[in-house]
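Working notes, structure below.
The values are calculated or read from the model by the stated rules, or taken from the named source; none is laboratory data. Model, not experiment: these values are computed from the prediction. Neighbour counts run over all protein chains shown; Cβ positions are idealised from the backbone, glycine included. Note: accessible area is taken over every heavy atom of the protein model, side chains too, but ligands, DNA and RNA are not part of it. Shrake-Rupley method; radii C 1.70, N 1.55, O 1.52, S 1.80 Å.
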Amino acid sequence: MEAPSSENSVQALGLGMQVRTGEGPLVILDDINFCIAAGSSVALLGASGSGKTTLLGLLAGLDRPSAGRVLVHGRDLEALDEDGRAQLRAENIGFVFQNFQLLHGLTAQENVMLPLELAGVEHPRAQAAEFLARVGLERRLGHYPNQLSGGEQQRCAIARAFAARPTVLIADEPTGNLDAQTGARIIELLFELNRAQGATLIMATHDEALAGHCRERLLLQAGRLV
């Protein structure tokens with residue numbers, strides 16, 4: 001990985017995560033260190049249970065580490081309160097969750113509009129429709145999540161992450177619930193954003209086709225980088 005500099009998009013410094021159990025502390029991540037250059041693309045690989053999803057949540061400021069720090073564009077997430085981390089996410093980070101995290105009371109279009117409205121983007125409805133069309137959901141604008149298939153919900157979640165044009169896009173298995181044709185389209189979109197907007201991509205994946213497009217790879221084994 002790149003040495004720390006002002007050009008880094010995301011840095012993990014001595015990052016650790018553990019939880020307490022009835023049998024004592026369970027270490028999920030241990031002394032994770034890396035720097036990702038702005039505009040780069042990184043595949044995060046590892047077996048199930050290796051800590052990939054936990055690491056992504058820490059990088060996005062969704063969770064707080066037990067040890068160490070995360071810096072996003074030089075800003076220390078630990079120095080921010082919850083409102084500050086939320087604002088940083090709204091301005092910089094798009095996140096594609098493995099379990100979609102769509103709001104079931106909102107239509108597909110309204111789910112994509114929500115982060116746009118929070119960011120004060122002009123014409124959020126039109127932009128939401130544009131990004132849903134780019135993932136093949138132009139005929140599903142008014143459908144609610146429970147009216148969409150699993151693959152359609154994944155595409156809606158990806159459109160929501162794309163729409164705010166983040167500087168850092170974090171994705172947890174973004175093609176895991178998609179057929180090969182749709183998955184190929186999503187891969188194309190991911191790297192189109194990376195090229196056109198200089199967005200940094202960090203993706204946990206088991207998809208070798210997706211990992212093969214990335215400039216770098218991180219391998220997690222039992223909570224440690226190897």
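Please tell me if Glu173 is without any contact (Cβ under 8 Å) to a residue 24 or more places away in the chain and not hydroxyl-bearing (Ser, Thr, Tyr). Criteria not met by Glu173. Of the residues making up the stretch 152-176, not one is of a type in the set (Asp, Glu), out of contact with any strand residue (DSSP E or B) (no Cβ under 7 Å at 6 or more places or on another chain) and either within 13 Å of Met113 (Cα to Cα) or in a strand (DSSP E or B) (or both). Checked against the criterion of being closer than 23 Å to His213 by Cα, open to solvent by 40 Å² or more (accessible area, probe 1.4 Å) and either without any contact (Cβ under 8 Å) to a residue 60 or more places away in the chain or in contact with a Phe, Trp or Tyr (Cβ under 7 Å, 6 or more places away or on another chain) (or both), the candidates Ser48, Ser66 yield just one match: Ser48.
Residue pairs whose Cβ atoms lie under 6 Å apart, separated by 6 or more positions or on different chains, with the first residue in the stretch 8-24 and closer than 13 Å to Leu77 by Cα and β-branched (Val, Ile, Thr) and the second outside any strand (DSSP E or B) and open to solvent by less than 30 Å² (accessible area, probe 1.4 Å), are Val10/Leu59. The residues of the stretch 216-226 that are surrounded by fewer than 21 Cβ atoms within 10 Å (Cβ to Cβ) and within 15 Å of Val10 (Cα to Cα), listed by number, are Glu216, Arg217. Val42 meets the stated requirement of being open to solvent by less than 10 Å² (accessible area, probe 1.4 Å), of a type in the set (A, V, I, L, M), touching a residue at least 40 places away in the same chain (Cβ under 8 Å) and not in a helix (DSSP H, G or I).
Among the residues of the stretch 5-47, just one is of a type in the set (Asp, Glu), at pLDDT 95 or above and either at negative phi or under 18 Å from the mean Cα position of the chain (by Cα) (or both), namely Asp30. Would you confirm, using the coordinates I've provided, whether His206 is open to solvent by 80 Å² or more (accessible area, probe 1.4 Å), under 16 Å from the mean Cα position of the chain (by Cα) and farther than 19 Å from His73 by Cβ? Spelling it out, His206 is indeed open to solvent by 80 Å² or more (accessible area, probe 1.4 Å), under 16 Å from the mean Cα position of the chain (by Cα) and farther than 19 Å from His73 by Cβ. Just name the residue that is surrounded by the most Cβ atoms within 10 Å (Cβ to Cβ) out of those in the stretch 98-148 that are of a type in the set (S, T, N, Q) and part of a loop (DSSP other than H, G, I, E, B). Ranking the qualifying residues of the stretch 98-148, first place goes to Thr107.
Counting only residues that are more than 16 Å from Ala128 (Cα to Cα) and of a type in the set (Lys, Arg), which one in the stretch 157-196 is surrounded by the fewest Cβ atoms within 10 Å (Cβ to Cβ)? Within the stretch 157-196, the match that is surrounded by the fewest Cβ atoms within 10 Å (Cβ to Cβ) is Arg195. Need pairs with beta-carbon distance below 8 Å; first residue at negative phi and within the stretch 86-99, second assigned to a loop (DSSP other than H, G, I, E, B) and acidic (Asp, Glu); sequence gap 6+ or separate chains. Pairs that qualify, where the first residue is at negative phi and the partner is assigned to a loop (DSSP other than H, G, I, E, B) and acidic (Asp, Glu), are Gln98/Glu173. The number of residues in the stretch 48-79 that are under 13 Å from Arg224 (Cβ atoms) and either of a type in the set (Lys, Arg) or under 12 Å from the mean Cα position of the chain (by Cα) (or both) comes to 3. The residue of the stretch 69-89 that is most open to solvent (accessible area, probe 1.4 Å), among those that are in a strand (DSSP E or B) and of a type in the set (A, V, I, L, M, F, W, C), is Leu71.
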